[in-house]
Structures are given as C-alpha cells and as structure tokens.
1. Can you tell me which residue is surrounded by the fewest Cβ atoms within 10 Å (Cβ to Cβ) among those in the range 3-17 that are under 14 Å from Phe53 (Cα atoms) and not hydrophobic (A, V, I, L, M, F, W, C)?
2. Answer yes if at least one residue in the range 36-45 is within 22 Å of Ser57 (Cβ to Cβ), of a type in the set (D, E, K, R) and either touching a His at 6+ places or on another chain (Cβ under 7 Å) or outside any strand (DSSP E or B) (or both), and no otherwise.
3. Report, ordered by the first and then the second residue, all pairs with beta carbons closer than 8 Å, sequence separation of six or more or different chains, a first member in the range 7-30 that is in contact (Cβ under 8 Å) with a residue 12 or more places away in the chain, and a second member that is among the β-branched types (Val, Ile, Thr) and assigned to a loop (DSSP other than H, G, I, E, B).
4. Which one of Asn5, Asn14 is in a loop (DSSP other than H, G, I, E, B), at pLDDT below 90 and touching a helix residue (DSSP H, G or I) at 6+ places or on another chain (Cβ under 8 Å)?
5. Within the range 41-68, how many residues turn out to be at pLDDT below 80 and open to solvent by 100 Å² or more (accessible area, probe 1.4 Å)?
6. Of everything in the range 19-35 that's over 13 Å from the mean Cα position of the chain (by Cα) and assigned to a loop (DSSP other than H, G, I, E, B), which residue is farthest from Pro4 (Cα to Cα)?
Amino acid sequence: MTEPNRRRVTVVPNGPVLVEGPVELVTEDGVTHTSDRFVVAVCACRRSKRYPFCDTSHRKRVRDDDSK
C-alpha cells in the first residue's frame, strides 16, 4: 500500500524519468517549473527544447552511412 504523500518515480531506460504529478521542479538556475499533469516526463538527456520536461528528443537518432 502506498502512503498518501509518496510519489511514484519511474526511470525509463534511454528515456525520461516519469513522475506521478502534480509536480514542482526546480532547475539548477533556481527557476521553478510546475505541472498539474497526472504523469510528468522529466528530461534525462537534456536534448529537450522544453527542458526540464521531455519532448521525446531522446528518440531522434542519426543514421549511419552504412544503412542504405
């Protein structure tokens, strides 16, 4: 059984960190970002244009020259 004040955090391999919302995130520059969503995807790769929130930029891959 989960305690009422606990939040579930799921680390997705090669992806974002999923946090049950609502959440308040404070970035290294001291800016506070809030989200009232049920589940919030937090960027772990720092490629997101919506950092600290994930925009699925981690999915983009560069093709090798060999893959024709």
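1. Once the filter is applied, the top-ranked residue is Gly15.
2. Yes: one or more hits.
3. From residues that are in contact (Cβ under 8 Å) with a residue 12 or more places away in the chain, the pairs are Arg8/Thr2; Leu18/Val12.
4. Working: Asn5 fails: touching a helix residue (DSSP H, G or I) at 6+ places or on another chain (Cβ under 8 Å).
Only one candidate passes the filter, namely Asn14.
5. Pass one, the range 41-68, residues at pLDDT below 80: 60-68.
Now restrict to residues that are open to solvent by 100 Å² or more (accessible area, probe 1.4 Å): 60-66, 68.
The total comes to 8.
6. Asp29
The values are calculated or read from the model by the stated rules, or taken from the named source; none is laboratory data. Here the structure is a predicted model, which is why all the values come from computation and not from measurement. No Cβ is skipped: glycine too gets one built from the backbone with ideal geometry, and neighbour counts run over all protein chains shown. For the accessible areas, the whole protein counts, side chains as well, though only heavy atoms, and no ligand, DNA or RNA atoms are used. Shrake-Rupley method; radii C 1.70, N 1.55, O 1.52, S 1.80 Å.
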